[in-house]
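The structure under discussion appears below in the form of structure tokens.
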Amino acid sequence: MNKSMLKSEKWSENVILIDADYIDSVAFDLIVNFERMIGRRIPKADIAHWIDCIALDGGLREGDNKIQVVFIHNKDSKSLSNFTPCKFEEEIDGKAFKDKIGEFMMSAFPVEDIVGKDDFFVDALELILNGEGVKRVMVIPDQDKTYEKVRVALHYANDEKRITLFAMQPMQGGNFRQEILGYSLMSALGIKSDEIK
């Protein structure tokens with residue numbers, strides 16, 4: 001994967017940028033912890049449901065929206081272990097779904113060895129932020145490894161863009177809104193608030 005593939009992208013008004021390996025790890029932690037807590041098996045997260053939750057938390061409402069969903073993942077990661085559908089090449093990349101919020105077009109970009117995933121993620125974010133016609137960006141970085149670089153990149157973003165950053169806890173501020181990632185994942189995993197005592 002090289003940056004030229006991302007540079008050639010025609011961006012939608014709404015873009016969701018995801019560190020796929022990070023969200024898979026967070027979903028695993030939630031599954032393990034909540035299975036113990038509520039005493040039942042928790043199925044894999046429904047990826048379309050989760051993406052819908054991210055879009056809603058990012059400020060989108062029902063309509064004829066066009067949303068690009070970009071998954072960045074390590075070259076060795078062929079699929080998400082805790083989501084369904086899960087295979088990057090066969091079930092995510094180049095696929096789309098449509099619902100009340102709009103049409104979601106998904107792509108998955110494996111990162112080659114010549115560039116680190118964190119740097120590639122930030123490069124992708126900067127390309128999206130500078131993309132002509134992009135009005136709303138929802139970004140899910142690895143909060144432990146990439147957050148500081150993402151925060152710096154977002155500092156220079158155009159004030160007219162609506163940017164929402166998702167993390168598991170409130171992060172040091174910046175030029176963006178924040179939402180808690182865990183809520184959307186819990187919903188996609190089918191964990192109800194009344195099950196949590």
Of residues in segment 1-52 being modelled with pLDDT of 95 or more and among the aromatic types (Phe, Trp, Tyr), the one nearest to residue 128 (Cα to Cα): 22
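Among the residues of segment 65-75, is any open to solvent by 60 Å² or more (accessible area, probe 1.4 Å), part of a loop (DSSP other than H, G, I, E, B) and either at positive phi or not hydroxyl-bearing (Ser, Thr, Tyr) (or both)?
Yes, segment 65-75 has at least one match.
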Of the conditions (1) at pLDDT 95 or above; (2) farther than 17 Å from residue 140 by Cα; (3) among the acidic types (Asp, Glu); (4) open to solvent by 70 Å² or more (accessible area, probe 1.4 Å), residue 113 clears all except one; give me its number. (1)
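From 125, 129, grab the single residue that is of a type outside the set (Asp, Glu), in contact with a Leu (Cβ under 7 Å, 6 or more places away or on another chain) and on the phi < 0 side of the Ramachandran plot.
Working: 129 fails: in contact with a Leu (Cβ under 7 Å, 6 or more places away or on another chain).
Answer to the check: 125.
Of all residues in segment 76-89, how many are touching a Ser or Thr at 6+ places or on another chain (Cβ under 8 Å) and either of a type outside the set (Lys, Arg) or open to solvent by less than 10 Å² (accessible area, probe 1.4 Å) (or both)?
First, pick out the residues of segment 76-89 that are touching a Ser or Thr at 6+ places or on another chain (Cβ under 8 Å): 86-88.
Next, from what is left, pick out any that are either of a type outside the set (Lys, Arg) or open to solvent by less than 10 Å² (accessible area, probe 1.4 Å) (or both): 86, 88.
Result for segment 76-89: 2.
Kindly provide the set of residues from segment 54-64 that are open to solvent by 10 Å² or more (accessible area, probe 1.4 Å) and either among the acidic types (Asp, Glu) or under 12 Å from residue 100 (Cα atoms) (or both), ordered by number.
From segment 54-64, those open to solvent by 10 Å² or more (accessible area, probe 1.4 Å) are 56-57, 59, 61-64; that's our starting set.
Correct list: 56, 57, 61, 62, 63, 64.
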Segment 130-154, residues that are closer than 19 Å to residue 14 by Cα and either of a type in the set (D, E, K, R) or over 15 Å from the mean Cα position of the chain (by Cα) (or both): 130, 131, 132, 133, 134, 135, 136, 153, 154
Output yes when any residue across segment 116-132 is under 21 Å from residue 59 (Cα atoms) and free of Cβ contacts under 8 Å to residues at least 12 places away in the same chain, and no when none is. yes
Select from segment 167-187 the residues that are aliphatic (A, V, I, L, M), buried (at least 17 other Cβ atoms within 10 Å of the Cβ) and in contact (Cβ under 8 Å) with a residue 40 or more places away in the chain and write down the one among them that is nearest to residue 49 (Cα to Cα). 185
Look through segment 133-163, keep the residues that are assigned to a helix (DSSP H, G or I) and in contact (Cβ under 8 Å) with a residue 12 or more places away in the chain, and return whichever of them is surrounded by the most Cβ atoms within 10 Å (Cβ to Cβ). 150
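Please work out which residue is nearest to residue 137 (Cα to Cα), limiting yourself to segment 44-64 and to residues that are outside any strand (DSSP E or B), among the charged types (D, E, K, R) and under 14 Å from the mean Cα position of the chain (by Cα). Lay out the reasoning, then the answer.
Of segment 44-64, the ones outside any strand (DSSP E or B) are 44, 47-64.
Pick out the ones that are also among the charged types (D, E, K, R) and you get 44, 52, 57, 61-62, 64.
Those still in the list that are under 14 Å from the mean Cα position of the chain (by Cα) too: 52, 57.
Working: 52: 14, 57: 11 Å.
Residue satisfying both the conditions and the ranking: 57.
The values are calculated or read from the model by the stated rules, or taken from the named source; none is laboratory data. Please read these numbers as outputs of a predicted model, since none were measured by experiment. Ideal geometry is used to build each Cβ from the backbone, glycine not excepted, and the neighbour counts take in all protein chains shown. What goes into the accessible areas is simple: the full protein's heavy atoms, side chains included, and nothing from ligands, DNA or RNA. Shrake-Rupley method; radii C 1.70, N 1.55, O 1.52, S 1.80 Å.
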